[in-house]
Every structure is written in C-alpha cells, then in structure tokens.
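Report on the structure given below.
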Amino acid sequence: MESFHHEDTQELYDKYVLKNYAPAPLTLVRGEGVYVWDSDGRRYLDFGAGIAVSALGHGHPAWVAAIKEQLFRLTHVSNLYRNRNQGRLAKNLVSRCGPGRVFFCNSGAEANEALLKLARLHGVHKAGREGVCYKVVTALNGFHGRTFGGMSATGQEKIRQNFAPLLPGFSFGKLNDLADFERLIDPETAAVFLETIQGEGGIHPCTVEFLQGIRDLCDQRGVLLILDEVQCGIGRTGRFFAYEKAGIRPDAIGMAKGLGSGFPLGAIWVDEKYADLFTPGSHGTTFGGTPLGCAAGLATLHVIEKELLMENVGSNAPGWLANLQTVRDEFPDQVLSVRGEGYMVGVQLAMNPLPTVAAMRDRGMLAVPASGDVIRFLPPLIATAEHLRQSTEIFRDALAATA
Ligand SMILES: Cc1ncc(COP(=O)(O)O)c(C=O)c1O
C-alpha cells in the first residue's frame, strides 16, 4: 500500500481544497468493520460512520463483492434505459414504504430537491395553476441540505446566511408544537416537510403524538406530509424508518446516507396517490439509480436483513443510552442531556463540544459535533454491545480530561 504522511495530505488540502470545511487533524487511510485507521497506523472506533452513512461499517465483504461484481458487468447507462438493479431496489423500497413509486439520485440534498418539486407539483394540481399553492412549512432548527431548496427549507440562520435571496414560501414551526404548525398552514401551503429526528440540529426526535397530529392535520388541509429520513432512516433507529414508531405513513420520504452504506445513493418514495404527478420530463438526473449504485443499495438492504442489524440496534441501544445517562449523572455540570433513538444519539454539553471530541479522538474514537453544543454518536449498525460499552468508557475519559 502507498505510504504517506498526514502532513503531506494537509499540505495538499491547504493549497488546493476549498476551505468550506475545517477537517480534524488526521488523514484516514483504511477501514474495516467499525474501525478506521489513520496514516500513522492509529485505530479509531468510528462512531461517526461518515455522518450516519456507513450502515454496514467499512468494507463489508458482501457489499464489496456486490459492487465488485457489478463494476465488471455494467456501471452506468443513464436513465434513458432501464437497468434491472434500479427496478429491484425500487421494489424493495416500495415493500417497506407502501404502495407507490421511487426516484433515485445521489445524495440527501438531491432527494430533498425532488421532494420540494413534488410539493410544487401537488400545489399546481390542487390549485389548477402555478404560483398559487406552493408554500412549505418546515421545522425550526431543522436541516435539509446545502442546495438552494435545502437551505430554503432549513430553519437555521447560520446555514442560510449570505445566500439570500432563497426560495420563497418557507415558514418554520416549533418542533413538536402542533398548534404552531396549524397556525402556519394556510390555503397556499402545499406541504409540511420534516426530519423525523433532527440530526444536524442536535438530535431532536418528533414525538409520536406530534407525528400522528401532523398526519391528521395534513389530511384535513389537503397538504402533503413529507418526511426527510436522510439521516435517521435505513435502520438507524432499530426500525427501517424512524416514523414507524407513530404508526403513520407519510405521503413522500427522502432517504440517502445509509441507503448505499458509503456508496453515494439517494432516493425518494412517493405514495401512489401522488406518484403520477411526476410525468416524463418533469425531473431527472444523469447519475441517479445506476446499476452500480443500486447494487450497493441492494447489498446494503440484504445485509441489514440477513444479519438482523435492526434487531441488533433495537436490543443494544437501550442499555447504551442508560449507560450514557449514568455518565451524565457523573458529570451533571458538563452534560446537560442525553437523547436519541437507536444508534442516533446526541449528548448535549454545557460547553463547546470540540475539545471533548478531540479528546475522544486522542483516545481512539470518532464522533460528530452538531449544533454548537452537541456530540453525536452515529455508529455503524453492525456495532455490538461491546463496541457501545467501549464508546461510553472513552466518552467518560474524554469528559474527565476536558471537564
Ligand atoms: C436530514 C438531512 N437531510 C438532508 C441532508 C443532506 O444530505 P447530503 O449531504 O447527502 O446532500 C442531510 C445531511 O446531513 C441530513 O442530515
């Protein structure tokens, strides 16, 4: 294997890579299972999973084999032709979401763009013409991506800053406050658009009551209920979709991240009632739904089922959360709250989380900061109870060192 130093990579970044990120001071070179290694050979327990992406961990043999096989057979053909993998993956997703249809793309932001176009198409259908019913109500503190549609839907000023004018017609309700959403929905509203669990905003789940209430409200007002499951979906909560806890079905769903387990793959599912709003020419993508990307998606879903990964998450997560709560009890002045579902957990600190994240890194573990005062733990779905136990120990040590 080529050997190189972190400093060389840092120099390349310093000279040639745009500075829209401030990456941690390490260069990752290899991954296997729940671990990644840096250029100095140090091993890290990867509880970031590339921001909730590597559902199967790194280099899962079945996932690698499926991609390799497809790579030699057929990589890309465009959507001007059918490919079998796209049809099979769409069928698999429909079997999980309900009767409807799927569109494939490459990322969460692209999935959300397609969902916002669905909202517009619904509004045109409802009002009988364009520009009348186009508004979208989303949640304060949400996050839906960095495109103009995504930023417009994002209720966080720091994400939107310096990019005005954004798309018109977005308003922001308080999460889990049904009355606030009721107030914001008017006859010009086409859709309510929500993350089932806010991720970048610091791990704030929608409650069951709120999801049920918003479903009823959308039905009463003829407004689409669209859920962004880009971060919380694909088994991360121990359920395939996070919204399943409420026993509801949205009208459309956005997904990405875990769907390809590291291969860039996004998708939207649209209920059959609305699926025909997309007609030939109304939307498209060159790269979405390639034979290769869909092979990665099929392999991911196959392994999640075969290795009972949702059951793994469901059985391990409660004990993990309870252990993290004991750390909170040990450090009441530093840890304000521990919250989340399944393998999507946030620890809110009373201080800047970056020194604690760095101290965890020094102790061999990666985690992801969020929203200024939260550390997110987003382990691969293959993480065992022992990995979770180790992560809690490292978090405790790092806290003790930075408290
Ligand atoms: C809930 C949610 N929606 C959308 C996105 C955007 O996805 P992507 O970065 O793949 O464009 C993210 C990314 O973090 C996300 O968490």
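Using θ = phi - 60° in the Karplus curve 6.51 cos²θ - 1.76 cosθ + 1.60, the 3J(HN,Hα) couplings for region 274-280 round to 10, 4, 7, 5, 7, 10, x Hz; x is entered for Gly and Pro. Place a label point 7 angstrom from the Cα of residue 186 along the Cα-to-Cβ direction, then list the residues of region 103-144 whose backbone nitrogen is under 11 Å away. Answer for region 103-144: 135. When the chain is treated as a Gaussian network with alpha carbon springs shorter than 10 Å, the biggest mean-square fluctuation among 306, 245, 15 belongs to 15.
Multiplying the residue separation of residue 72 and residue 167 by 0.36 nm and removing their Cα-Cα distance gives an extension gain of 30.0 nm.
In this Cβ point-charge picture (+1 for Lys and Arg, -1 for Asp and Glu), region 59-125 has a dipole of about 260 debye about its Cα centre.
Here the Gaussian network model covers the chain, with springs between Cα atoms less than 10 Å apart; of 21, 343, 13, 21 fluctuates the most. Couplings 3J(HN,Hα) for region 100-112, derived from phi with the Karplus relation 6.51 cos²θ - 1.76 cosθ + 1.60 (θ = phi - 60°), are x, 9, 10, 10, 9, 9, 10, 7, x, 4, 5, 4, 5 Hz, where x marks Gly and Pro. Note on the chain: with a GNM built from Cα contacts shorter than 10 Å, the maximum mean-square fluctuation among 26, 121, 378 falls on 26. Take the Cα of residue 30, go 7 Å toward its beta carbon, and the backbone nitrogen atoms of region 54-95 under 17 Å from that spot belong to 58-61. Across region 19-154, counting alpha-carbon atoms alone, Rg and Dmax equal 19.9, 62 Å. When 310, 344, 351 are arranged by Cβ crowding within 10 Å, least crowded first, meaning fewest neighbours, the order is 351, 310, 344. If the chain linking residue 336 and residue 279 were pulled fully straight, counting 0.36 nm for each residue of separation and taking away their Cα-Cα distance, it would gain 15.6 nm. For residue 11 and residue 358, what does the FRET efficiency come to when R0 = 22 Å and r is the distance between their Cβ atoms, rounded to the nearest 0.05? With a Förster radius of 22 Å, E is 0.55. Stretching residue 19 away from residue 129 to a fully extended chain increases their span by 35.3 nm, per 0.36 nm per residue minus the current alpha-carbon distance. Put in order of Cβ neighbour count within 10 Å, fewest first, the listed residues 251, 271 become 271, 251. Note on the chain: Rg/Rh from Cα positions, Kirkwood definition for Rh, rounded to two decimals, is 0.96. Think of each Lys and Arg Cβ as +1 and each Asp and Glu Cβ as -1; about the Cα centre, that makes the dipole of the chain roughly 1040 debye.
Helix 61-73 and the longest principal axis of the Cα set of the chain meet at an angle near 60°. Only alpha carbons enter this Debye calculation for region 281-394, each as an equal point scatterer, and the log10 of I(q)/I(0) it gives at q = 0.10, 0.12, 0.15, 0.18 Å⁻¹ is -0.41, -0.55, -0.74, -0.92. Rounded to whole numbers, the Karplus 3J(HN,Hα) couplings from phi for region 333-342 are 7, 9, 9, 7, 7, 10, 8, x, 9, x Hz, using 6.51 cos²θ - 1.76 cosθ + 1.60 with θ = phi - 60°, and x at Gly and Pro. Going by neighbour counts of Cβ atoms within 10 Å, the residues 234, 214 line up, fewest first, as 214, 234. Region 149-219 and region 325-403 have Cα centres spaced 28 Å apart. Dimensions of region 196-352 based on its C-alpha atoms, expressed as ranges along the principal axes with the largest first, amount to 59, 41, 30 Å.
Readers should treat all values here as calculations from the given coordinates under stated rules, not as data from a laboratory. For clarity, every value in this text was computed on a predicted model and none was experimentally measured. Here the Cβ is made from the backbone with ideal geometry for all residues, glycine too, and neighbour counts use every protein chain on show.
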